[in-house]
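Student: Can you keep this structure in mind? I'll have questions shortly.
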Amino acid sequence: MALQAGASRYHLGFLWWILEPLLWVAVFYVVFEIILKSERADFLVFLMCGKLAFIWFSKAVTQASNSIVANRGLIAKVDIPKSLFPMAVVQESLYRQFVVFALLFCSLWVAGYGVSMAWFWLVPLLLVNYLMIVACALVGACLVCVIRDFSMVIPLGMTFLLFTSGIFWDVRDLANPELTSLVLAVNPVAFILDAYRQILMYQSAPDALHLILIGFGSMLIAVFMFHLMRRTSQYLAYKALTA
Amino acid sequence: MSKAARDVMLELVDVCHVYPSSKSTFDHGQHRVLDKVSFVLYRGETLGLLGRNGAGKTTTLQLMAGILAPTSGKIWRGPGCTASLLSIGLGFRPDLSGRDNALLSAMLQGASRKLARSFLPEIKEFSELGDSFEEPVKTYSTGMRARLGFTTALKTHVDILLIDEVLSVGDASFRAKAETAMRERIGGEQTVVFVSHSPRQVEALCDRAIWIEAGQVSAEGNVQEVLATYTSGTV
């Protein structure tokens with residue numbers, strides 16, 4: 001549904017789609033490159049690959065988590081599938097992310113990173129990334145709807161992921177290689193961000209099996225959540241309206 | 001009266017509904033909104049639902065529309081029968097134009113995009129919004145919102161129409177027009193449940209009335225009789 005008119009609220013409108021992620025990148029750049037003097041020569045590109053993909057995940061999931069509760073006016077009046085609200089947020093963020101990624105790919109190209117066959121890996125990677133967002137958005141929306149207190153915890157969790165997913169540090173630079181594989185295995189966000197970098201910066205393919213596993217797991221969770229939310233539609237409405 | 005011969009569209013049997021009464025404590029404080037409410041809705045009739053604020057009228061409608069499930073008791077719905085709540089400003093998005101909001105509302109009530117689009121000229125004309133129809137809803141006055149909301153809801157078609165206080169807003173001339181339009185729809189085969197504080201409106205529009213007081217059915221039956229007990233009981 002065409003709900004993107006929200007952009008008209010701000011003076012710069014659609015420009016904020018690109019501006020906000022870029023400002024985030026700028027903030028991190030100032031802190032880690034200018035103040036803390038990162039060792040990497042390619043830090044800006046490295047940072048952009050990680051941060052721009054991470055913002056997609058964190059913003060979509062955080063917004064989607066509050067979406068059922070935010071729409072309780074509508075829920076009080078129509079019996080509609082409750083998964084619609086988080087999905088609307090996820091879809092909206094997907095459109096926004098197309099613009100952001102287009103910008104990212106253009107700047108990589110300008111910075112001299114060649115386009116190679118490895119870029120085809122972006123297609124499955126984007127799909128898995130999307131599935132992961134859908135799964136987390138649905139789970140988050142249900143949790144916040146049933147127990148409102150989760151809306152305090154989720155932003156905190158996002159900050160935790162921000163620090164642990166290797167956005168401004170390289171997972172592969174860790175002193176202990178076992179720790180590297182542990183981080184990549186435990187934290188799917190870290191794996192996804194690393195995969196973007198492997199493809200975009202080093203033209204190499206990510207671990208296909210690992211990618212499939214994350215995609216399959218996310219899909220399973222998403223399907224289960226859709227089913228659960230259909231079954232408990234009236235309970236969710238009750239919770240959204242009263243709690 | 002030949003009511004016994006009519007089809008039952010919807011039936012509530014001993015319906016109870018409970019809301020938690022406080023959210024900040026961990027006790028099991030409960031507020032019983034509806035307590036063993038039972039009544040029947042027949043095909044083609046207009047049923048008036050009377051009651052004071054907080055008596056449980058809106059909850060009853062939400063239960064009938066299937067938005068909420070009753071805590072206990074049963075709601076029987078005729079096979080394949082849809083019930084829809086007609087209410088003002090169905091999730092209006094203030095940043096979108098009146099046209100887009102009307103489209104969205106109609107789609108949320110179950111119309112396809114194409115069907116919803118075909119309602120738009122009619123909605124624009126009936127609501128008398130003119131050029132404001134293309135403006136964002138945030139620029140509308142309360143009365144204009146009410147016009148848009150009422151008109152949009154009026155144009156959608158459902159088996160059971162549940163109306164919650166919609167006629168109590170708007171200026172006098174629009175209200176008169178809205179009532180006439182309502183009566184036209186009610187006159188047909190439409191089954192309607194109509195919630196109001198106003199005895200006058202219930203008298204003008206309804207075939208039968210139910211008075212809900214403190215979560216229980218206080219009076220039921222002929223409009224005149226129920227209204228007589230209602231007005232004597234509340235004044």
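Student: When you check A:Arg72 against the structure, is it at pLDDT below 90 and within 21 Å of the chain's Cα centre (by Cα), yes or no?
Tutor: no
Student: In the range B:41-68, what residues are within 14 Å of chain A (Cβ to nearest Cβ), touching a helix residue (DSSP H, G or I) at 6+ places or on another chain (Cβ under 7 Å) and touching a residue at least 40 places away in the same chain (Cβ under 8 Å)?
Tutor: Hit for the range B:41-68 is B:Leu68, nothing else.
Student: So in the range A:77-86, with the set limited to residues that are within 7 Å of chain B (Cβ to nearest Cβ) and open to solvent by less than 40 Å² (accessible area, probe 1.4 Å), which one is farthest from A:Leu161 (Cα to Cα)?
Tutor: This residue is A:Val78.
Student: So the check is Cβ under 6 Å with 6+ separation or different chains; which pairs have a first residue in the range A:104-120 that's hydroxyl-bearing (Ser, Thr, Tyr) and a second one that's surrounded by 11 or more Cβ atoms within 10 Å (Cβ to Cβ)?
Tutor: Final answer for the pair search is A:Ser116/A:Gln203.
Student: Let me ask something else. What about A:Ala60, is it surrounded by fewer than 18 Cβ atoms within 10 Å (Cβ to Cβ) and either touching a Gly at 6+ places or on another chain (Cβ under 8 Å) or in contact (Cβ under 8 Å) with a residue 60 or more places away in the chain (or both)?
Tutor: no
Student: Count, please, the residues in the range B:150-184 that happen to be closer than 17 Å to B:Glu122 by Cβ, of a type in the set (Gly, Ala, Ser) and at pLDDT 75 or above.
Tutor: Residues flagged as closer than 17 Å to B:Glu122 by Cβ, of a type in the set (Gly, Ala, Ser) and at pLDDT 75 or above within the range B:150-184 amount to 2.
Student: Still on this model: Counting just the residues of the range A:32-57 that are over 17 Å from A:Met201 (Cα atoms) and among the aliphatic types (A, V, I, L, M), which one comes out least open to solvent (accessible area, probe 1.4 Å)?
Tutor: Applying the filter and picking the extreme gives A:Ile55.
Conditions (1) within 14 Å of chain B (Cβ to nearest Cβ); (2) under 16 Å from A:Leu126 (Cβ atoms); (3) loosely packed, with under 15 Cβ neighbours inside 10 Å, marked per residue:
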position	(1), (2), (3)
A:Ile192	no, yes, no
A:Ile199	no, yes, no
A:Ser204	no, no, yes
A:Ile212	no, yes, yes
A:Phe226	no, no, no
A:Ser233	yes, no, no
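Student: Hey, another quick one. Report yes if B:Thr71 is hydroxyl-bearing (Ser, Thr, Tyr), touching a strand residue (DSSP E or B) at 6+ places or on another chain (Cβ under 9 Å), surrounded by 23 or more Cβ atoms within 10 Å (Cβ to Cβ) and at pLDDT 80 or above, otherwise no.
Tutor: Taking the combined requirement at face value, the residue does not satisfy it.
Student: So, A:Val139, is that one under 13 Å from the mean Cα position of the chain (by Cα) and under 30 Å from B:Leu61 (Cα atoms) or not?
Tutor: No: the conditions fail for A:Val139.
Student: Oh, and also: Could you identify the single residue in A:Lys82, A:Lys59 that is among the charged types (D, E, K, R) and modelled with pLDDT of 90 or more? Full working, then the answer.
Tutor: Details: A:Lys82 fails: modelled with pLDDT of 90 or more.
It is A:Lys59.
Student: To continue, here is another question. Taking the range B:108-121 as the search range and keeping residues that are open to solvent by 30 Å² or more (accessible area, probe 1.4 Å) and at pLDDT 75 or above, which one is farthest from the other protein chains (Cβ to nearest Cβ)?
Tutor: Top of the filtered list is B:Pro121.
Student: Also, quick follow-up: Considering (1) open to solvent by less than 40 Å² (accessible area, probe 1.4 Å); (2) modelled with pLDDT under 95; (3) of a type outside the set (Val, Ile, Thr); (4) farther than 30 Å from B:Ala69 by Cα, say which one A:Ser218 fails and leave the rest.
Tutor: Only one criterion is unmet by A:Ser218, namely (2).
The values are calculated or read from the model by the stated rules, or taken from the named source; none is laboratory data. Because the structure is predicted, anything quoted here is derived from the model rather than measured. Note that we place each Cβ from the backbone using ideal geometry, even for glycine, and neighbour counts take in every protein chain shown. Side chains included, ligands, DNA and RNA excluded: accessible areas come from the protein's heavy atoms. Shrake-Rupley method; radii C 1.70, N 1.55, O 1.52, S 1.80 Å.
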